[in-house]
Amino acid sequence: MKKIFFAASIVLAVVLGSACSQKTISDKYFIKGTIPDVAEANGKYIYMYDTQNRILDSAKIENNSFRFEGEVIDSISIVNIEQDHGGFFAPAILESGEISLNLADVSGRGTPLNEALFEYLSNLEELQIKTMKYIDSFDHDSIFIGKNIDSLQEASIVAYQDEVMDYSVKMFKEHPNDPVGAYIWSHCSSLIIEKPELANRFIPFAGDYVKNYPIVKAQIELIENTEKTKEGNLFTDFSGKDADGVSKMFSEYVGKGHYVLVDFWASWCAPCRQEMPRMMGVYKKYKPLGLEILGVVVWDKVEDHKIAVRDMEIPWSQMLSEEAPTLYGVQGIPYIMLIDPQGKIVKRGLRGQAIEVALEEALKANGGKL
């Protein structure tokens, strides 16, 4: 069940978005909203946040109601209206005109773009409710007795995600170059991260507004970089520093006549640490055959990294790099890849036993040496 709630909650996680439009609009927006009694919010404040989670405005809640107004500008498009630490919120598009929000059920109406936005959210909620009812029936409907419930749940979640994607693409084609389209892509971003090829269902229709929307722009860049560094391609060079602050280039370690396992990791990453004993075993077994290992340290602090290397007694070279994950489309760690003696990327996304399988294949292909 966790997956379906995660997929459905994408809406809640990506509403804080902004992008640049083609011109400055001096018209005003007027947002009026209500918040349920259960929030116990009267006399408290509600806030408007931008994409950086910065407060743009605040309003005092009276009689479970609030109001915002301001000029529509070119640098803000989608905002989040949220009760302070209260859990009630709703997105809104800052479009000229009157906008109504109901934080009880995350609904709204008013201007054309906001009407489209909340139509999208409403239909997504219907898809979620339908799927949840179906999954709940597994526990009490006799037709499911004796069947593999876990498999049925997994299949239901996959079907739900497919429906979300199909509907999102349909709506996106109607809004390929406005904030609604940018919001739709953002909503699907977690699915696209899992399956980057899904972006191809949006890219052919996307206008400049959507392509320059921060979340979308970053995701397109990651997809393009992943393609550039796919298996079979030569490595992309990048800069970094060792733990002592000495500047290094990736090319100092790869393409030098040996196979190199490249491990993207960080000291705070529990799965990275869990992988280290296996990596240590791989190093001891294959180092005499020519294998090199390079740790590429990402999203980490130098001092924390030094402590981790010391405590785990890691013997291979390390370099810290901020740009490496983006250049290789790495969105999670640990991420391990194998590069051949000439600098060609042999395998990406290696974990567990797959590491040794890849090395044994390399040994056979390279005459018993690495």
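For the reader, a short list of remarks on this structure follows.
- Search result, residues across region 165-200 that are among the basic types (Lys, Arg) and at pLDDT below 95: LYS195
- Any chance ASP162 is touching a residue at least 40 places away in the same chain (Cβ under 8 Å) and more than 30 Å from MET319 (Cα to Cα): no
- Every residue from region 47-82 that is in a loop (DSSP other than H, G, I, E, B) and among the basic types (Lys, Arg): ARG54
- Checking each residue in region 293-321 for being in contact (Cβ under 8 Å) with a residue 60 or more places away in the chain and either closer than 29 Å to LEU363 by Cβ or assigned to a loop (DSSP other than H, G, I, E, B) (or both) picks out VAL309, SER317, GLN318, MET319, SER321.
- Matching residues, region 215-256, being under 26 Å from the mean Cα position of the chain (by Cα), closer than 13 Å to VAL296 by Cα and either assigned by the TED database to the domain that holds ASP50 or crowded, with 17+ Cβ neighbours inside 10 Å (or both): PHE238, GLY240, PHE250
- Subset tally (residues that are within 30 Å of LEU198 (Cα to Cα), part of a loop (DSSP other than H, G, I, E, B) and of a type outside the set (A, V, I, L, M, F, W, C)) for region 220-274: 7
- Some residue of region 329-347 being of a type in the set (Asp, Glu), over 24 Å from the mean Cα position of the chain (by Cα) and either outside the structural domain of ARG273 (by the TED database) or in a helix (DSSP H, G or I) (or both): no
- Tally, over region 33-46, of residues that are of a type in the set (Ser, Thr, Tyr) and under 20 Å from GLY110 (Cα atoms): 1
- With respect to the conditions (1) modelled with pLDDT of 90 or more; (2) of a type in the set (D, E, K, R); (3) farther than 14 Å from LEU103 by Cβ, ARG67 lacks only one, and its number is (3).
The values are calculated or read from the model by the stated rules, or taken from the named source; none is laboratory data. These figures come from a predicted structure and were not determined experimentally. Ideal geometry is used to build each Cβ from the backbone, glycine not excepted, and the neighbour counts take in all protein chains shown.
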